Amino acid sequence: MAETLTITDNRTGKQYEVPVTDGTIRAMDLRQIKVNPDDFGMMTYDPAFTNTAACRSKITFIDGDQGILWYRGYPIEQLAEHSDYLETAYLILYGELPTARQGDEWAREITLHTMLHENLKTLLEGFRYDAHPMGMFISTVGALSTFYPDAKDIFNAESRRLQTIRLIAKVPSIAAYAYRHSIGRPYVLPDNELSFAGNFLNMLFKMTEPRYKPHPVLERALDVLFILHADHEQNCSTHAMRGIGSSHPDPYSALAGAAAALYGPLHGGANEAVLRMLTEIGSRDNVPAFVKRVKGGEGRLMGFGHRVYKSYDPRAKIIKRIADLVFEVTGKNPLLDIALELERIALEDDYFVSRKLYPNVDFYSGLIYQAIGFPVDMFPVLFAIPRTAGWIAQWEEMLTDPDQKIARPRQIYIGPGKRDYIGREKRK
Ligand code: ACO
């Protein structure tokens, strides 16, 4: 028997049977609930979408209470242990792990699209020397839309595939150019013999040596961080990607918007905010006073809390382990002791325990990035590079889903009723 929810409207005494599918009712099924025939019908009010599913998705599964994260059914722990970023991106985009041949072809295609059009250098030259790299990243990704007008053909699967390859291949190059611009060093061309993460390190850090050799531990650490950040279902930036994409612009324009949504300190900008917070705290001794201030409502403990995870973020657990490996190579980040003390005190404190606030992915990632040599303002860009795979997969899923239309929420109007215009001279 089909599951239904029975709703009794006390205003009219009428009863309604609303179908339940996947434990969910369709908001449109509530529209039949009316007091009189002219009534618009019942709506739901859900600011910030805390209890509204906006899509059906096959890509990423999260169980926030148990701290579970799967991409296409594969646990994040297994992917972080055995996979690499490009293979994971393929999985996220196409639903299955590639065969050996598919994986090689995919990596080859990405490698052959890493170069940027020379005019993008001129665009980057227009930025001030101290421009935030995320601002440069967002603008340059948006600008790509003008370089690839064929990308407008969004209902052509082959065109989508080409833009996907271009985007995944070019975002590290854009990030590296933005970084080199900000420190006044010449841009470095991609090296096709290196891995995805290795080439990114090359484009960032190569100096005068004829060939850059990435440190294998740092290269792997960065690749695992990329795996961990590749998708995270319907977060703020993914929602932006789907929302912008729903009006059918090219994917470069939509992705620039998604990256802008990521930039904020409550989302992908949190890793940058964590580092600034730890630096401001300054020493372990200052941690209790800082926690007290947070509990008193003065700011937030950045890198703590999550809309979905109400237990330890599984990505944070993996990142903590990677941090140890990285610090063996780079030396310990002096801020680590402050972070550990902050975590220890917060996890014992009723304020954080009762609100189920645990470290999220951003609490430790910044410490690793800093130890590898990234300046703090590059952190959100480092998040945007791998999330590009997730954004595109979600965009593609939205475009090909017959249930989807242009995203257009409703509102409850609470402004004034109709009133007549008064000339300026008569206004009091
Ligand atoms: N520090 C202190 N208190 C917090 C924190 C925090 N980091 N996060 C939530 N709280 C408190 C709130 O003040 C609120 O308390 P109250 O009930 O007494 O008012 C309660 O916990 C619930 O918080 P909400 O804001 O309702 O939780 P929401 O789900 O809307 O927010 C968010 C989630 C934005 C991640 C929040 O926890 C936060 O601001 N964290 C810090 C920023 C951060 O680390 N963001 C990265 C998230 S991961 C990512 O995007 C990749």
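Each reported figure results from applying straightforward, stated rules to the coordinates on display, with no laboratory input. This structure is a prediction, so every number in the text was calculated from the model and none was measured. Neighbour counts are summed over all protein chains in view; Cβ atoms, including those assigned to glycine, are modelled from backbone coordinates with ideal geometry.
What to note about this one:
- Orientation-averaged projected area, Cα convex hull of the stretch 35-144 (nm²): 13.9
- With 5 Å bins from 0: P(r) over the stretch 296-350, alpha-carbon pairs, percent: 4, 14, 22, 27, 18, 9, 5, 1
- Within-12-Å neighbourhood charge of residue 299 [Cβ basis; K, R +1; D, E -1]: +3
- P(r) tail, the chain: Cα-Cα pairs separated by more than 39 Å, 27% of all pairs.
- 13 Å beta-carbon shell around residue 188, net charge (K/R +1, D/E -1): +3
- Cα-Cα pairs of the stretch 226-294 separated by more than 16 Å (percent): 60
- All C-alpha to C-alpha distances of the stretch 216-347, sorted into 10 Å bins beginning at zero, yield P(r) values of 11, 34, 34, 18, 5, 0 percent in whole numbers.
- With K and R counted +1 and D and E -1, the other residues having a Cβ less than 11 Å from that of residue 113 yield a net charge of +2.
- Degrees between helix 379-399 axis and first principal axis of the chain (Cα, 0 to 90, nearest 10): 50
- The stretch 370-428: C-alpha gyration tensor shape, a/c 1.5 cut-off, then a/b vs b/c: oblate
- Each peptide among 381-389, 323-331, 2-10, 217-225 gets the average number of other Cβ atoms lying within 10 Å of its residues, and from highest to lowest they stand as 381-389, 217-225, 323-331, 2-10.
- Overall form of the stretch 174-276: prolate. Here a/c, set by the Cα gyration tensor axes a ≥ b ≥ c, is 1.5 or more, and a/b is the larger of a/b and b/c.
- Folded to 0 to 90 degrees: helix 314-330 orientation relative to the chain principal axis, Cα: 20
- Using the Stokes-Einstein relation with a Kirkwood hydrodynamic radius computed over Cα pairs, the translational diffusion coefficient of the stretch 90-163 at 25 °C and a viscosity of 0.890 mPa s comes to 166 µm²/s.
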